[in-house]
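Asks: Submitted below is the structure of interest, expressed as structure tokens.
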Amino acid sequence: MKPTQSYYIAEKGFDDLFNAGVVRKDNEAMLDALGCKPLHFGRWKKKSLMAVVSRSFQVLAFFLKIEKNSLVFFHFPVHAIVYKWLLYLLKCRDVQTVAIIIDIDGLRDKDEPLLKKEIALLERFSYLVAHNNAMKHFLLGYLPGATILTIDLFDYPFMGMPLKRKMDNTICVAGDFKKANFVYQLNNDNSMQYNLYGSGYDQTKNPLVNYKGIFSPGVLPSVIDGSFGLVWDGNSVDVCDAYLKYNNPHKLSLYLASGLPVIVWEQSAVAALVLHENIGITIASIPEIEKKLSNISPQDYQAIQHNAMQTGEKVRKGFFLKNVIEQIHQLQCDKAST
């Protein structure tokens with residue numbers, strides 16, 4: 001027995017092109033396509049007694065509207081206080097809730113007090129959707145009784161046509177570069193070429209790469225140019241940010257949706273998937289890339305690129321979110337039958 005109805009918290013205002021807002025916006029579109037109903041909260045620009053009263057009435061209205069056997073999807077982190085109010089009320093009524101984890105800020109920022117608050121909030125959900133097994137096992141260390149599923153890859157809806165790929169020495173780097181200072185250590189030369197796409201790049205600090213500018217997520221897969229997409233974060237080309245041991249970066253999905261094989265840190269959570277699916281290579285540091293590429297034959301690249309295209313097709317069609325929702329529905333059925 002599936003839940004009587006599925007809902008999701010509809011969020012607005014995600015205008016940044018290379019951050020978690022894109023994932024939330026894409027997930028909402030796919031939840032719509034899967035028949036989930038949006039819960040739209042009003043917007044109040046000022047804190048006032050009237051705003052508090054209006055918020056309270058809207059939360060109560062949604063609480064009374066949602067049937068007992070329903071599922072309600074939230075994105076995590078949960079930013080608005082009204083979403084948290086609704087979550088607390090739904091738990092009291094035994095409505096099942098799902099947290100689709102976009103980030104764990106306390107883990108990313110190494111902020112223990114914030115992490116404790118996030119864990120306390122995650123404990124209130126019926127189901128958690130983690131990025132991968134590494135994040136799942138991390139959460140189970142704090143929440144041993146939690147029901148945690150993994151999405152494995154974020155989807156990247158795209159209806160256009162990716163560019164044709166060929167083996168050369170051009171590496172794509174996409175993202176928000178405000179906190180990715182390693183890009184200022186990249187240099188184009190006869191052996192390596194780097195094409196950068198995204199916001200926050202200061203060309204005066206490093207003009208020795210090809211900065212291509214900012215493109216909307218719906219356009220980027222059809223213009224991003226190179227042989228591989230690099231998944232790396234942090235301040236150094238030699239040391240990667242440890243958060244990648246748990247996190248699935250959105251840029252990984254972008255590259256695959258673009259038909260690009262990937263280069264990932266060998267200790268990252270996604271490294272096992274990349275090797276198992278043969279969709280790219282792993283590195284200990286960025287300077288290793290040149291040697292790694294020299295060992296890839298045209299035939300090897302053709303096989304890797306073919307696999308990346310196949311996985312990318314799933315990413316473009318929303319396979320991974322749909323799959324995890326189906327798993328949650330099956331768990332609901334299993335509970336109902338016991």
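Asks: Look at segment 290-338 and say how many of its residues are hydrophobic (A, V, I, L, M, F, W, C) and under 21 Å from LEU275 (Cα atoms).
Replies: 9
Asks: Next up: Here is a list: LEU254, LEU260. Which entry is modelled with pLDDT of 95 or more and in a loop (DSSP other than H, G, I, E, B)?
Replies: Of LEU254, LEU260, the one residue that is modelled with pLDDT of 95 or more and in a loop (DSSP other than H, G, I, E, B) is LEU260.
Asks: Starting from residues that are among the charged types (D, E, K, R) and assigned to a loop (DSSP other than H, G, I, E, B), keep the ones in segment 133-161 and report whichever is nearest to the chain's Cα centre (by Cα).
Replies: By that ranking, first place goes to ASP155.
Asks: Give the residues of segment 289-304 that are part of a loop (DSSP other than H, G, I, E, B) and either of a type in the set (A, V, I, L, M) or under 16 Å from VAL264 (Cα atoms) (or both), sorted by residue number.
Replies: Correct list: ILE296 only.
Asks: When you scan segment 232-243, how many residues do you find that are surrounded by 23 or more Cβ atoms within 10 Å (Cβ to Cβ) and under 16 Å from the mean Cα position of the chain (by Cα)?
Replies: Residues in segment 232-243 being surrounded by 23 or more Cβ atoms within 10 Å (Cβ to Cβ) and under 16 Å from the mean Cα position of the chain (by Cα): 1 in total.
Asks: Okay, moving on. So is LYS110 within 22 Å of the chain's Cα centre (by Cα), assigned by TED's automatic domain parsing to the domain that holds ASP233 and of a type in the set (Lys, Arg) or not?
Replies: When the stated conditions are applied, LYS110 does not pass them.
Asks: Select from segment 193-231 the residues that are in contact with a helix residue (DSSP H, G or I) (Cβ under 6 Å, 6 or more places away or on another chain) and in a loop (DSSP other than H, G, I, E, B) and write down the one among them that is surrounded by the most Cβ atoms within 10 Å (Cβ to Cβ).
Replies: Residue satisfying both the conditions and the ranking: TYR201.
Asks: I'm trying to understand the selection: among the residues of segment 163-192, which are touching a helix residue (DSSP H, G or I) at 6+ places or on another chain (Cβ under 8 Å), at pLDDT 95 or above and part of a strand (DSSP E or B)?
Replies: Once the filter is applied, which keeps residues that are touching a helix residue (DSSP H, G or I) at 6+ places or on another chain (Cβ under 8 Å), at pLDDT 95 or above and part of a strand (DSSP E or B), segment 163-192 yields ILE171, CYS172, VAL173, ALA174.
The values are calculated or read from the model by the stated rules, or taken from the named source; none is laboratory data. No experiment lies behind these values; they were computed from the predicted model shown. Note that we place each Cβ from the backbone using ideal geometry, even for glycine, and neighbour counts take in every protein chain shown.
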